[in-house]
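Structure first, then comments.
The values are calculated or read from the model by the stated rules, or taken from the named source; none is laboratory data. As the structure is a computational prediction, the values presented were derived from the model and not from experiment. A quick note on method: Cβ atoms are made from the backbone with ideal geometry, for glycine too, and the neighbour counts reach across all protein chains shown. For the accessible areas, the whole protein counts, side chains as well, though only heavy atoms, and no ligand, DNA or RNA atoms are used. Shrake-Rupley method; radii C 1.70, N 1.55, O 1.52, S 1.80 Å.
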Amino acid sequence: MKALIHDKYNLRFFIPIVLCVLIAVGFLTSGFIQKKTQPVVSTSIGRVLNIENKTSKIVFENAQYYEKSNLLVTGFFLKSDEVVPTDTLKIEAINGRTQQKMEASVEKINANYYVVFTPNVSPNFKQIINNITLKDNQNQSTSVGGIAVTQANVTKKNETYQAQPLDFYVSQYKQYARQDVEEKIKAYDKEIEQFKTQIKALNKENQVYLADMNLKTADQQKEIFSQIQSNNNAITNINTQIKTVQENQKKVEEQRQLLSE
């Protein structure tokens with residue numbers, strides 16, 4: 001009887017302890033704790049977002065937070081091979097911790113450059129996501145993805161935001177556009193060098209064919225001359241491609257000059 005009473009006495013303490021442990025484990029594994037402990041992801045400045053089935057790309061160019069205005073300003077550059085892109089961007093601001101949509105104003109500076117203003121952002125914000133959608137001239141939308149602004153990648157300005165004239169943002173656009181142009185010029189240089197390497201290889205092959213021509217029969221010589229002619233035709237075609245690339249490069253260099261003015 002005493003043993004039974006002793007066991008009941010222990011159970012009075014044992015059961016509450018077990019319940020406390022189970023509650024603690026459940027709390028620690030709950031979504032609330034996971035959200036609090038989940039690492040905050042940042043998108044690096046300069047990150048390029050590819051667009052499915054398109055050659056256009058979107059570059060995350062800048063992020064500034066004006067502390068005295070609680071205002072977050074982000075900038076995006078639309079890289080496109082079109083002289084004037086027909087695609088447009090739709091950008092939304094999302095609280096990365098709560099997934100709630102935030103108030104945001106998107107300013108289209110020109111066909112290539114967009115600036116997003118997100119007001120009422122707490123100074124100790126964890127993560128603001130800009131979700132980007134691209135809409136083409138057929139009104140077809142493509143989800144591009146999101147960039148994450150955090151304390152790690154934002155530039156903080158201890159000042160009140162002052163409305164800037166359009167020229168201020170146009171100068172930003174010119175800076176990013178020049179970078180894009182420089183990349184294109186380097187790509188053209190690389191393409192031309194590859195073409196020249198192909199020509200060099202074909203000329204070398206022709207020299208090999210001609211080196212022992214005297215040791216070949218008439219039929220073999222005829223076949224060799226046919227191959228040499230084929231190589232020469234290929235060289236002519238490659239030179240034509242080089243000329244086209246050089247013409248495109250010249251246009252881009254003219255654009256670089258305009259952007260520098």
Rank these residues by their accessible area, most exposed first, probe 1.4 Å: V41, V144, V83.
-> V83, V41, V144
Excluding residues fewer than 8 places away in the same chain, name every one of the aspartates and glutamates whose C-alpha is closer than 19 Å to that of K126.
-> E67, E92, E103
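Could you give the length gained on full extension between N237 and R178, defined as 0.36 nm per residue of separation minus the Cα-Cα distance, in nm? Could you put the intermediate results ahead of the total?
Details: separation 59, 0.36 × 59 = 21.24 nm, distance 3.15 nm.
18.1 nm is the gain from fully extending N237 to R178.
By how many nm would the segment from Q257 to Q221 grow when fully extended, if each residue of separation counts as 0.36 nm and the alpha-carbon distance is taken off? All intermediate terms of the calculation are to be shown ahead of the outcome.
Numbers: separation 36, 0.36 × 36 = 12.96 nm, distance 5.30 nm.
Stretched fully, the Q257-Q221 segment lengthens by 7.7 nm.
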Going down the table (K79/K200; K135/K190; K190/K251; K186/K250; K174/K243), which pairs top 23 Å between alpha carbons?
-> K79/K200; K135/K190; K174/K243
The set of residues whose placed amide H lies less than 5 Å from the amide H of Y113, leaving out same-chain residues fewer than 5 positions away, is L78
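First compute the accessible area of the chain with a 1.4 Å probe, then give the percent of it belonging to carbon and sulfur atoms. Show your work: numbers first, answer last.
On the way: 8950 of 17110 Å².
Ligands and nucleic acids excluded, carbon and sulfur reach 52 percent.
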Mind jotting down the distance between the C-alpha centroids of the stretch 139-192 and the stretch 110-131, whole Å?
-> 13 Å
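Equivalent ellipsoid semi-axes for the chain, as square roots of 5 times the alpha carbon gyration tensor eigenvalues: give them largest first, rounded to whole Å.
Sorted largest first and rounded, they come to 62, 33, 15 Å.
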Site Q229, offset 7 angstrom along Cα→Cβ, radius 15 Å on amide nitrogen, limited to the stretch 179-208, gives none
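With the other protein chains left in place, how much accessible area per residue, in square angstrom, belongs to the chain at a 1.4 angstrom probe?
Details: 17110 Å² over 261 residues.
Per residue, the chain has 66 Å² of solvent-accessible surface.
Ignoring ligands, DNA and RNA, how do Y113, Y161 rank by accessible area with a 1.4 Å probe, largest first?
Details: Y113 0, Y161 50 Å².
Ranked list, largest accessible area first: Y161, Y113.
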The correct ranking of T217, T142, T150, T55 by accessible area at 1.4 Å, largest first, is T55, T217, T142, T150
Over the alpha-carbon set of the stretch 84-226, divide Rg by the Kirkwood Rh and report the Rg/Rh ratio to two decimals.
-> 1.35
Provide the net charge surrounding V40, with neighbours chosen by a C-beta distance below 10 Å and charges set as Lys +1, Arg +1, Asp -1, Glu -1.
-> +2
To the nearest 10 Å², what's R47's accessible area with a 1.4 Å probe?
-> 120 Å²
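Go ahead and estimate [θ] at 222 nm for the chain from helices alone: -39,500 (n - 2.57) per DSSP H run with n ≥ 4, summed, over the residue count, rounded to 500. List each step's numbers first, then the result.
Numbers: 4 runs with 123 residues, N = 261.
Value at 222 nm, helices only: -17000 deg cm²/dmol.
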Heavy atoms of S230 accessible to a 1.4 Å probe, total area in Å² rounded to 10 | 60 Å²
Only residues of the stretch 237-261 count here: report those whose backbone N is under 20 Å from the spot 7 Å along Cα→Cβ of L210, or say none.
-> 237-239
